[in-house]
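Notes follow the structure.
The values are calculated or read from the model by the stated rules, or taken from the named source; none is laboratory data. Remember, it's a predicted structure, so these values are computed and weren't measured experimentally. Methodologically, a virtual Cβ is constructed for each residue, glycine included, from the backbone with ideal geometry; neighbour enumeration extends over all protein chains shown. When the accessible area is computed, the model is the full protein with side chains, heavy atoms only, and any ligands, DNA or RNA have been set aside. Shrake-Rupley method; radii C 1.70, N 1.55, O 1.52, S 1.80 Å.
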Amino acid sequence: MALIVQKYGGTSVANPDRIRNLARRVARYKAMGHKIVVVVSAMSGETNRLIALAKEIMPEPDPRELDVMLSTGEQVTIGMTALALMELGIKAKSYNGSQVKILTDDAFTKARILSIDESNIKRDLDNGYVVVVAGFQGVDANGNITTLGRGGSDTTGVALAAALKADECQIYTDVDGVYTTDPRVVPEARRLDKITFEEMLELASQGSKVLQIRSVEFAGKYKVKLRVLSSFDEEGEGTLITFEEEKDMEQPVISGIAFNRDEAKITVLGVPDKPGIAYQILGPIAEANVDVDMIIQNTGADGTTDFTFTVHKNEMNKALNILRDKVQAHIGAREISGDDKIAKVSIVGVGMRSHVGIASKMFRILAEEGINIQMISTSEIKIAVVVDEKYLELAVRVLHKAFELDAE
Ligand code: ADP
Ligand code: ASP
Ligand code: MG
């Protein structure tokens, strides 16, 4: 008998039939004697619908109130899921984030989980219930409803698995595993049987939406056995996230390609090239809780330099306002501009550690297509470039082929 957390994404709970289907799967696992915790997302499209509704009232919605609205999506599906299980004669009980007590910080719309009170869930499991928990939401120390950022139900699933010391966390979605890249963009993409935790972490952090980055971080920290599977296919083994590198197996140099359309580039032109400038630019941005991803500073010429960084598109205006109101005059910058027509493409693979020339191959492939590279960043197992948004799909396709990731 095992304790399994099963997380179902939006498309897997998109309508009553799919919820009934989910309930049948849970029933099968229950019949095998397992204890099951189900984490569900909102029905597909619902979170987007709620965001659009909020924006109709306030174009840049107040984050606390937005979270109050967004949390309703998952609250509907936990009730429906519990009902579907009851209809199969299974004892089931639903909990929203604050009922469990998934305690988070107060960073509305992107809160982090601080702790989970697993006592009620454990008691219910011991009493034979399937426990259904709302993904994507929690409660802060003052009782405010919070949400965990887009895709956050993955993180609820893995965090619960960690808190409950579950034997496995299964992420059910609309693809049958983790692919070499998004199969919607490259139909030749291949499913991976396994992927190392490090590679999954990079892919997720570079924009592969199949798992939210924080869910992978949790899995790594608490060594949660994590598997991505299709909710539409009963047979598949999906993709297992592994923690050991198999030294004897030949590793492909590149395991996957991620991309991200959600970033915007901010450029600060003509700043004095002297100590403290990066801090004066990025300090106020960090204080406003805006996450910065890539950063580049040019080598100074004539005592001035240019400074470029990327933030989430949703936060570009906030960051620009901070810079124009608080920073520009203070540091004497000539110009501050934003560009949200960019995209980031990243190639990821642990095999990069033992191979040279990967970056130059990537740059050559892009150059052959006439794709200009605007920014570059690297880590030991990743090379990421920012390109014009309109070249994104082309870049991913040609790189996928050039690094021999295409299915035979
Ligand atoms: P869910 O609603 O189940 O959480 P998501 O839409 O968040 O589903 O994530 C699944 C989607 O992630 C897939 O439909 C696919 O388009 C996308 N995706 C992006 N990169 C990958 C990848 N490397 N492997 C598999 N799917 C990917
Ligand atoms: N419903 C949320 C979203 O659409 C959380 C999730 O699906 O993981 O982002
Ligand atoms: Mg998701």
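Of all residue pairs spaced 6 or more apart or on separate chains, those with beta-carbon atoms under 8 Å, a first member in segment 359-371 that is part of a helix (DSSP H, G or I) and a second member that is among the polar types (S, T, N, Q) are 359/378. Scanning segment 268-303 for residues that are at pLDDT below 90 and open to solvent by 60 Å² or more (accessible area, probe 1.4 Å) yields 273, 274, 275, 289, 297, 298, 299, 302.
Name the residues in segment 165-212 that are within 16 Å of ligand 2 (Cβ to nearest atom) and either within 22 Å of residue 310 (Cβ to Cβ) or surrounded by fewer than 19 Cβ atoms within 10 Å (Cβ to Cβ) (or both), would you? Selection gives 174, 204, 207, 208, 209, 210, 211, 212. Set side by side, the residues 53, 70 differ, and just one is within 16 Å of ligand 2 (Cβ to nearest atom), touching a Leu at 6+ places or on another chain (Cβ under 6 Å) and either closer than 24 Å to residue 212 by Cα or in a helix (DSSP H, G or I) (or both), which is 70. Listed here are the helices (runs of 4 or more DSSP H) enclosed by segment 137-247 that have at least 1 residues being acidic (Asp, Glu), within 23 Å of residue 71 (Cα to Cα) and within 12 Å of ligand 1 (Cβ to nearest atom): 153-163. The single residue among 318, 326, 265 that is of a type in the set (Lys, Arg) and either open to solvent by less than 40 Å² (accessible area, probe 1.4 Å) or assigned to a loop (DSSP other than H, G, I, E, B) (or both) turns out to be 265. I'm trying to understand the selection: among the residues of segment 350-367, which are under 30 Å from residue 267 (Cα atoms) and surrounded by 16 or more Cβ atoms within 10 Å (Cβ to Cβ)? Of everything in segment 350-367, those that are under 30 Å from residue 267 (Cα atoms) and surrounded by 16 or more Cβ atoms within 10 Å (Cβ to Cβ) turn out to be 358, 361, 362, 365, 366.
Suppose the filter is surrounded by 13 or more Cβ atoms within 10 Å (Cβ to Cβ) and among the β-branched types (Val, Ile, Thr); does residue 387 pass it? In short, yes.
Within segment 73-106, the set of residues being among the β-branched types (Val, Ile, Thr) and part of a helix (DSSP H, G or I) comprises 76, 77, 78, 81, 100.
Could you tell me whether any residue of segment 100-119 is within 13 Å of ligand 2 (Cβ to nearest atom), closer than 27 Å to residue 18 by Cα and open to solvent by 10 Å² or more (accessible area, probe 1.4 Å)?
No, segment 100-119 contains no residue that is within 13 Å of ligand 2 (Cβ to nearest atom), closer than 27 Å to residue 18 by Cα and open to solvent by 10 Å² or more (accessible area, probe 1.4 Å).
The number of residues in segment 118-136 that are assigned to a loop (DSSP other than H, G, I, E, B), under 13 Å from residue 101 (Cα atoms) and more than 16 Å from ligand 3 (Cβ to nearest atom) comes to 1.
Checking each residue in segment 391-408 for being buried (at least 22 other Cβ atoms within 10 Å of the Cβ) and free of Cβ contacts under 8 Å to residues at least 24 places away in the same chain picks out no residue at all. Restricting segment 83-95 to residues that are touching a residue at least 40 places away in the same chain (Cβ under 8 Å), touching a strand residue (DSSP E or B) at 6+ places or on another chain (Cβ under 9 Å) and open to solvent by 20 Å² or more (accessible area, probe 1.4 Å) leaves a set whose member that is nearest to residue 160 (Cα to Cα) is 94.
Looking only at residues of segment 24-49 that are hydrophobic (A, V, I, L, M, F, W, C) and in contact with a Ser or Thr (Cβ under 7 Å, 6 or more places away or on another chain), we find that the one that is surrounded by the fewest Cβ atoms within 10 Å (Cβ to Cβ) is 43.
Among the candidates 143, 73, 177, the residue that is in contact with a helix residue (DSSP H, G or I) (Cβ under 9 Å, 6 or more places away or on another chain), within 27 Å of residue 18 (Cβ to Cβ) and of a type outside the set (Ser, Thr, Tyr) is uniquely 73. Within segment 337-346, does at least one residue satisfy the condition of being of a type in the set (Val, Ile, Thr) and at pLDDT 95 or above? Within segment 337-346, one or more residues are of a type in the set (Val, Ile, Thr) and at pLDDT 95 or above.
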